[in-house]
2 protein chains.
Amino acid sequence: MNDKMELTPLTERFVLHFGEMGSRWGVNRTVGQIYALLFIAPEPLNADEIAETLGFSRSNVSMGMKELMSWRLARLLHRPGDRREYFEAPKDIWEIFRTLAEEKRKREIEPTLSMLRDALLEIPQTDNERHAQARMREMHELIEMATVWFDEVQRLSPETLEGLMRLGAKVQKVLGFTDKLRGKD
Amino acid sequence: MNDKMELTPLTERFVLHFGEMGSRWGVNRTVGQIYALLFIAPEPLNADEIAETLGFSRSNVSMGMKELMSWRLARLLHRPGDRREYFEAPKDIWEIFRTLAEEKRKREIEPTLSMLRDALLEIPQTDNERHAQARMREMHELIEMATVWFDEVQRLSPETLEGLMRLGAKVQKVLGFTDKLRGKD
DNA sequence: ATGAAGTTTCAAAAATTTCTGAAACTATAG
DNA sequence: CTATAGTTTCAGAAATTTTTGAAACTTCAT
């Protein structure tokens, strides 16, 4: 009934790799493999096809899809005359890049920023606290600056961004030169 | 004997936060907490002080330090007339930022790049494989470009970088404007 | 309303990761 | 060389995370 999308050695390697890397990227094996599969699939897949292809239980796939959707790395769609839910990965790789950056920021950076903001409001009571707070302030400033900057870069269109990156090498040369003149690095 | 560096509510909150976030950042609670403690400590600490302050076993701290050193987020030093090993976190927050980016790239990006390079050398046997490979090529190109660019940015001195980031807002406005003229986003 | 097709939830099993204490190891002072 | 202060390793215990199957739920066509 379900066309278990066959994995060739080539595609299997890709899928397994994403499964293994998953833990380093903060998702589990199931989620990593599902994403990889959707990424290379020429057509949207339904949950049963995914489960069968990857050899996971149906419920595991359901959990995994929930997680992938929360990362906005998969979207849901329906085919006319078919009640099942189909999934696909966003096609545009720049869009994926942005989405990922946004989500990572929300989950991995924002909570820390807000903890730091709170901590910086307290009145330090001892020398140690004063020192600790000064360090926290440095950290806060760097993160804030980096995220503001990243925001701005992110708002650029892929074309512009691509251009900027290609330009990067040149900018770097000039700046690297002035750095040397000023005796830094 | 060991001056268990007392944690005040302020510093404790910081340390516990890093412990909790650890898992999202790819390290365990112990490692997260140790790093936070070293980061705000006004003086280098020895392993026993760390273990006592945080309430971890001595061996757990030993493992944690090994991991932190492998991330280059802690360095070892000795005090005259004291045989114990002392640890401190790098002070310069820009340096930390770079180190982290380098290590993350080595662990989270390079393996994928090399898998992709291999996969792209294969001759696709079917339509599905041809499609999969095309997707992989897109992914490979994006990652490659992003890392090359990041490399370059990373080579800049903190001062230059800081200046560039502050400049960012202006660049963005100009570019955003041209984008609009060209009808992109 | 009923039932068939599909999806989600959830408690428990399986797997993995983290943490510990004891033993092994290392280096140095005497 | 020996005793001691310190560090690392490692096998098992504890904790956490992942995965599953069965039951509950939802939706829609009849």
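Can you give me the ranges of the helices (runs of 4 or more DSSP H) entirely in region B:25-124 with at least 1 residues that are touching a Leu at 6+ places or on another chain (Cβ under 6 Å) and within 14 Å of DNA strand C (Cβ to nearest atom)? So that I can check it myself, show each step before the final result.
Values: elements: B:29-40, B:47-54, B:58-70, B:93-104, B:110-121.
So the answer is B:29-40.
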Inset, instruction - Quickly run through region B:69-85 and pick out the residues that are surrounded by fewer than 17 Cβ atoms within 10 Å (Cβ to Cβ) and closer than 26 Å to A:Gly32 by Cβ. - result: B:Ser70
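State yes or no: is B:Glu162 open to solvent by 40 Å² or more (accessible area, probe 1.4 Å), within 32 Å of the chain's Cα centre (by Cα), modelled with pLDDT of 65 or more and over 19 Å from A:Val148 (Cα atoms)? I'd like the intermediate steps shown before the answer.
On the way: open to solvent by 40 Å² or more (accessible area, probe 1.4 Å): yes; within 32 Å of the chain's Cα centre (by Cα): yes; modelled with pLDDT of 65 or more: yes; over 19 Å from A:Val148 (Cα atoms): no.
Criteria not met by B:Glu162.
Go through the residues of region A:21-28 one by one and say whether even a single one is within 26 Å of B:Thr126 (Cα to Cα) and at pLDDT 95 or above.
Checked region A:21-28: no residue is within 26 Å of B:Thr126 (Cα to Cα) and at pLDDT 95 or above.
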Inset, instruction - Run A:Ile40 past the list (1) within 16 Å of DNA strand D (Cβ to nearest atom); (2) open to solvent by less than 80 Å² (accessible area, probe 1.4 Å) and report the number of the one that doesn't hold. - result: (1)
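Considering only region A:137-150, I want to know if a residue exists there that is within 29 Å of A:Ile34 (Cα to Cα) and either open to solvent by 40 Å² or more (accessible area, probe 1.4 Å) or at pLDDT below 95 (or both). Steps first, please.
Taking region A:137-150 and keeping what is within 29 Å of A:Ile34 (Cα to Cα), we get A:150.
Checking which are either open to solvent by 40 Å² or more (accessible area, probe 1.4 Å) or at pLDDT below 95 (or both) leaves us with A:150.
Scanning region A:137-150, I find at least one residue that is within 29 Å of A:Ile34 (Cα to Cα) and either open to solvent by 40 Å² or more (accessible area, probe 1.4 Å) or at pLDDT below 95 (or both), so the answer is yes.
Identify, from the list A:Arg58, A:Arg29, A:Arg72, the residue that is within 13 Å of DNA strand D (Cβ to nearest atom), closer than 28 Å to B:Lys106 by Cβ and away from every other protein chain (no Cβ under 14 Å). Show your work before the answer.
Working: A:Arg58 fails: closer than 28 Å to B:Lys106 by Cβ; A:Arg72 fails: within 13 Å of DNA strand D (Cβ to nearest atom).
Of A:Arg58, A:Arg29, A:Arg72, the one residue that is within 13 Å of DNA strand D (Cβ to nearest atom), closer than 28 Å to B:Lys106 by Cβ and away from every other protein chain (no Cβ under 14 Å) is A:Arg29.
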Inset, instruction - Within region B:32-49, count every residue that is facing chain A (nearest Cβ under 10 Å) and farther than 15 Å from B:Leu73 by Cα. - result: 2
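If you scan region A:86-114, which residues turn out to be away from chain B (no Cβ under 14 Å) and crowded, with 16+ Cβ neighbours inside 10 Å?
Step one: list which residues in region A:86-114 are away from chain B (no Cβ under 14 Å), which gives A:86-87, A:102.
The answer is A:Tyr86, A:Phe87.
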Legend entry - Close pairs (7 angstrom Cβ cut-off, 6 or more residues apart or separate chains): open to solvent by less than 70 Å² (accessible area, probe 1.4 Å) in region A:54-68, of a type outside the set (Ser, Thr, Tyr) and near DNA strand C (Cβ under 6 Å from one of its atoms) anywhere: A:Val61/A:Ala47; A:Ser62/A:Ala47; A:Met65/A:Ala47
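Which of the residues spanning region B:1-26 are aliphatic (A, V, I, L, M) and at the interface with chain A (Cβ under 9 Å from one of its Cβ atoms)?
Taking region B:1-26 and keeping what is aliphatic (A, V, I, L, M), we get B:1, B:5, B:7, B:10, B:15-16, B:21.
Of everything in region B:1-26, those that are aliphatic (A, V, I, L, M) and at the interface with chain A (Cβ under 9 Å from one of its Cβ atoms) turn out to be B:Met5, B:Leu10, B:Met21.
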Inset, instruction - Kindly establish whether A:Asp82 is in contact (Cβ under 8 Å) with a residue 40 or more places away in the chain and either under 30 Å from A:Leu142 (Cβ atoms) or outside the structural domain of A:Arg137 (by TED's automatic domain parsing) (or both). - result: no
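For region A:1-24, enumerate the residues that are assigned to a helix (DSSP H, G or I), away from DNA strand C (no atom under 16 Å from the Cβ) and touching a helix residue (DSSP H, G or I) at 6+ places or on another chain (Cβ under 7 Å). So that I can check it myself, show each step before the final result.
Going through region A:1-24, the residues assigned to a helix (DSSP H, G or I) turn out to be A:9-24.
Filter again for away from DNA strand C (no atom under 16 Å from the Cβ), leaving A:9-15.
Within region A:1-24, A:Leu10, A:Thr11, A:Arg13, A:Phe14, A:Val15 meet the criteria.
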Inset, instruction - Quickly run through region B:16-36 and pick out the residues that are crowded, with 23+ Cβ neighbours inside 10 Å and either touching an Asp or Glu at 6+ places or on another chain (Cβ under 7 Å) or aliphatic (A, V, I, L, M) (or both). - result: B:Val31, B:Ile34, B:Ala36
Legend entry - B:Arg117 vs. criteria exposed (fewer than 14 other Cβ atoms within 10 Å of the Cβ), under 26 Å from the mean Cα position of the chain (by Cα) and either within 7 Å of chain A (Cβ to nearest Cβ) or more than 28 Å from B:Asn46 (Cβ to Cβ) (or both): yes
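The values are calculated or read from the model by the stated rules, or taken from the named source; none is laboratory data. As the structure is a computational prediction, the values presented were derived from the model and not from experiment. Cβ coordinates were reconstructed from backbone atoms using ideal geometry, including for glycine residues, and neighbour counts include every protein chain displayed. Areas reflect the complete protein model, heavy atoms only, side chains present, ligands, DNA and RNA absent. Shrake-Rupley method; radii C 1.70, N 1.55, O 1.52, S 1.80 Å.
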